[in-house]
Amino acid sequence: MAITIKSSREIEIMRRSGAILAEVEGRLLNAVQPGISTEDLDRMARELIEKHGAKPSFLGHQGFPKSICASVDSEVVHGIPNTVPLERGQIVSIDVGVLLDGYHTDSAFTVGVGPVSDEVEDLMEVTNAALLEGIQVARAGNRVGDISAAIQVFVEELNYGIVRDLTGHGVGRQLWEDPTIPNYGEAGTGPLLRAGMTIAIEPMITLGDPETYVYPDGWTIATVDGAPAAHSEHTLLITNGDPEILTKPGATVV
Ligand code: MG
Ligand code: MG
């Protein structure tokens, strides 16, 4: 599939989709506390998204049974929400997609359930910072490899693991579009970034070895060594200058 350049009409829809998503994530972030289950968070997300006349992108996507992905501790991504109460000291990565008027946006964050250890706090901070490193070079004229290399260099200098089995991606009419955006690679290589492209950048970072496996549920991806993993993601619009972060917290739903 070719990389698509969005029209101003499509971009306007994606701005609204992203603003809804940012609002939902803000609510979920505030709701995470010991005792709440990921199924509670899932229900909250679905209700909020539907209240805005949108749909959860993930619900039914390739058969996924829930509206959000919720991945706890060593789970990296694609965790299926369940009724198990979250416990103090755990971390949970929450990934949400919003489909509005035919266009998806996609974003994820990781948060501690109450206070967490310093090393896990650092892991979450590094993951956010890695996303920002990628965002900073995501502009027209650069290449996908510039994003990949910026993330890889930053993360590996700090001796964290980069999950390689999953990548960022284009996003729009489809939840996953071209180009693929790995979190490792060489600067100056890969597809050219052009104004009007909409992409999701999403580093998945581990405290230990980044090798992963899939649970018997067929969805949940977790680290083989059981070390914690964090995930941060934004959908952005490529421009000739700084990218516009469509899922930025604090966006106003209009
Ligand atoms: Mg996502
Ligand atoms: Mg994504």
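What follows is calculated from the coordinates using simple rules that are stated; it is not laboratory data. Computed from a predicted structure; not experimentally measured. Cβ placement follows ideal geometry from the backbone for every residue including glycine, while neighbour counts extend to all protein chains displayed.
Overview of results
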read-out	value
Segment 169-254 - percent relative contact order, Cα under 8 Å, separation 6 or more	26 percent
P(r) histogram, all alpha-carbon pairs of the chain included - 10 Å bins from 0, percent	8, 34, 38, 18, 2
For peptides 231-238, 170-177, sequence by mean Cβ density within 10 Å, most packed first	231-238, 170-177
Helical contribution to [θ] at 222 nm, DSSP H n ≥ 4, -39,500 (n - 2.57), averaged over the chain, rounded to 500	-9500 deg cm²/dmol
For the chain, built as a Gaussian network whose Cα springs stay under 10 Å, the top-fluctuating residue of PRO34, PRO81, PRO179	PRO34
Per-residue HN-Hα couplings for segment 84-97 [Karplus 6.51, -1.76, 1.60; θ = phi - 60°; Hz; x = Gly/Pro]	5, x, 5, 10, 3, x, 7, 10, 10, 9, 10, 10, 10, x
Lysines whose Cα lies under 25 Å from that of LYS6, excluding same-chain neighbours fewer than 8 positions away	LYS55, LYS248
Length-normalised contact order for the chain - Cα pairs under 8 Å, 6+ apart - percent	24 percent
Pairwise centroid distance, computed over Cα atoms, of segment 126-147 with segment 1-33, Å	18 Å
Segment 126-131 - phi-based ³J(HN,Hα) in whole Hz, Karplus 6.51/-1.76/1.60, Gly and Pro as x	5, 5, 4, 5, 5, 4
Under-5 Å amide H pairs with ASN183, H placed in peptide plane, nonlocal only	GLY168
Under Karplus coefficients 6.51, -1.76 and 1.60, residue-wise ³J(HN,Hα) of segment 212-219 in Hz, glycine/proline x	10, 9, 9, 5, x, 5, x, 10
